[in-house]
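Reviewing the structure listed below.
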Amino acid sequence: AGAGVAGLAGAANAAADFESAMVEVEKVTTPETAEAMSSSIRELAETIPLAQKKLAGIAADAGRFGVEGPKNIEQFTKSTAKMASATNLNTQEAGQAFAKLTELTGTPISEVENLGSAINELSNNTATSAQEITDAMMRSAGALSQLGMSQTEIAGMSAALNEVSESSERAGTRLRRLGQEMMNPKKADDLASALGMTASEFETMRDEAPNEMLLAMAEAMASGDEQADELKDTLSTTSRQALTGLAQNIDGTRKALEMSSTAYEENTSVQEEFNASADTFNKQLQMLRNRLR
C-alpha cells in the first residue's frame, strides 16, 4: 500500500510538471498547437529517454524562437531530444541552441537532425565536444552567415578553432570578429593587398567562397612573411588570434570542413549515437518511467 501511494504521488507530480510545461508551450504557440503537441510528446516519451516535461521544454523553446506548426515543432523536438540524449548537451541547452542556430544559419526545420549529425560527428573526431562546438557556433553564426558561410562550414570552423583555443567562448568570439572585419568595406583594400589581390578579386572570392578565403588568410598568416605582417597590421587583435589559431590547424580545419559536410548529407551520426545511448540500462529505465507515468 505504501509503495502504491508513493507511486501515485510520483505520477501525480510528473503529471503536474508536464501540465506546467505544456502551459509554456501554449504561451509561445497557440492552444490548438499545444493540444496537438501534448499527445505527440507523450508518444515521443515512449521511445526517447527524456522525461515528458523536458520534451515539453524543448517544444516550448521551438515555439519561443519561431518554429511554427505542430509538425515542425514535433520534428524539432524529436531531433533535438535525440541530440541531447546522445551527447553532452543538456536538454535546455540543446533546445535553445538549435532553435537559434536554425534561424541564424537558415537551416530548415526538416534538417535539424542533419545539423546535429554534423556537430556530433565533429565532436567524435576532433579534440572538442558537442557543447563547445554549439557554443562557438552560437557566438559566430550571425556574422559568418552574413559572410556567406553555410551551417556545415560554420560547424567545421568552430570545431577546428575550438581545438586550439582556450575556450569555446573565445573561439566563437574570434570567428565572429574575423567575419565582421572581412565584411568591412574599409578593410577590403588592405586585406586584398596583404593577399596579393586586387580589391575586386578579394571581394569576389570572399562572396563566392568565404571558407576558402578564410583559409587563404590563415595560410598567409602561417607563412610568417610580409603577408602575415600586413594582415596583423590590418586586423584587430581578436581577428589575428582567430587566424593564428586556424593557421596552427590548417589541415585539421580542412578535414573538419569536409567531415561536417559529409555528416550533414549522410544524416546518420545522431541516430547511431542515439541508438547506442538508448540501449543503456538507465535510458531504458527512463523510458519505462515515462510509460508508467
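The values are calculated or read from the model by the stated rules, or taken from the named source; none is laboratory data. Quantities reported herein were computed from a predicted structural model and do not represent experimental measurements. So basically every Cβ, Gly included, is an ideal-geometry build from the backbone, and we count neighbours across all protein chains shown. For the accessible areas, the whole protein counts, side chains as well, though only heavy atoms, and no ligand, DNA or RNA atoms are used. Shrake-Rupley method; radii C 1.70, N 1.55, O 1.52, S 1.80 Å.
Applying a 10 Å radius around every beta-carbon, put 122-132, 36-46 in order of their mean neighbour count, most first.
The peptides rank, most packed first, as 122-132, 36-46.
In square angstrom, rounded to the nearest 10, how much accessible surface does Lys78 have for a 1.4 Å probe?
90 Å²
Give me the distance between the Cα centres of the stretch 84-127 and the stretch 222-293, rounded to whole Å.
Going from one Cα centre to the other spans 10 Å.
Restricting to Cα pairs below 8 Å that are 6+ residues apart, what does the relative contact order work out to for the chain? Please round to a whole percent.
Value for the chain: 21 percent.
For the stretch 171-293, taking Cα atoms only, what is the radius of gyration to one decimal and the Dmax to the nearest whole Å?
21.2, 69
Quote the charge dipole size of the chain about the Cα centre in Debye, to the nearest 20; the model charges only the Cβ of Lys and Arg (+1) and of Asp and Glu (-1).
1240 debye
Which one of Ser236, Leu215, Ser200 is farthest out on the positive end of the charge dipole of the stretch 198-245, using unit charges on Cβ (Lys, Arg +1; Asp, Glu -1) and the Cα centre as origin?
The residue sitting farthest along the positive end of the dipole is Ser236.
With r defined as the distance between the Cβ atoms of Glu19 and Ala127 and R0 fixed at 41 Å, what FRET efficiency is calculated, to the nearest 0.05?
Efficiency for this residue pair is about 0.40.
Relative to the present Cα-Cα distance, how much length would full extension add between Gln92 and Glu32 at 0.36 nm per residue of separation?
19.2 nm
I'd like the FRET efficiency for Glu266 and Thr47, computed as 1/(1 + (r/R0)^6) with the beta carbon distance as r and R0 of 30 Å, rounded to 0.05.
E between Glu266 and Thr47, to the nearest 0.05, is 0.85.
For the Cα atoms of the chain, what angle does the longest principal axis make with the long axis of helix 151-163, in degrees from 0 to 90, nearest 10?
80 degrees
Take the Cα radius of gyration of the chain and divide it by 2.2 N^0.38 Å, with N its residue count; two decimals is plenty.
1.16
What nm value, rounded to one decimal, do you get for the distance between Met287 and Glu219 when each label is placed 7 Å out toward the C-beta?
Going by the 7 Å Cα→Cβ label model, 4.8 nm.
Report the accessible area of Asp233, computed with a 1.4 Å probe over the heavy atoms of all protein chains in place, in Å² rounded to the nearest 10.
130 Å²
Given labels modelled 7 Å from the Cα in the Cβ direction, how far is it in nm from Lys232 to Asp251?
Going from the Lys232 label point to the Asp251 one covers 2.5 nm.
Excluding Leu285 itself, calculate the net charge of residues whose Cβ lies under 14 Å from the Cβ of Leu285, where each Lys or Arg counts +1 and each Asp or Glu counts -1.
So the surrounding residues net to +2.
Measure off, as a whole percent, the carbon and sulfur share of the 1.4 Å-probe accessible area of the stretch 1-156, all protein chains present.
With neighbouring chains kept in place, the figure for the stretch 1-156 is 48 percent.
With label points built 7 Å along Cα→Cβ from the Cα atoms of Glu212 and Asp189, find their separation and express it in nm.
2.7 nm
If packing is taken as the average count of other Cβ atoms within 10 Å, what order do 105-115, 216-226 fall into, highest mean first?
105-115, 216-226
Can you give the angle from 0 to 90° between the axis of helix 70-86 and the longest principal axis of the chain, with both taken from C-alpha atoms, to the nearest 10?
80 degrees
Using the per-residue mean of other Cβ atoms lying within 10 Å as a proxy for protection, in what order, highest first, do the peptides 265-273, 81-89 fall?
The densest-packed peptide leads the list: 81-89, 265-273.
Mind checking which of Ala16, Gln146, Thr126 is farthest towards the positive end of the chain's charge dipole, using Cβ charges of +1 (Lys, Arg) and -1 (Asp, Glu) about the Cα centre?
Selected residue: Ala16.
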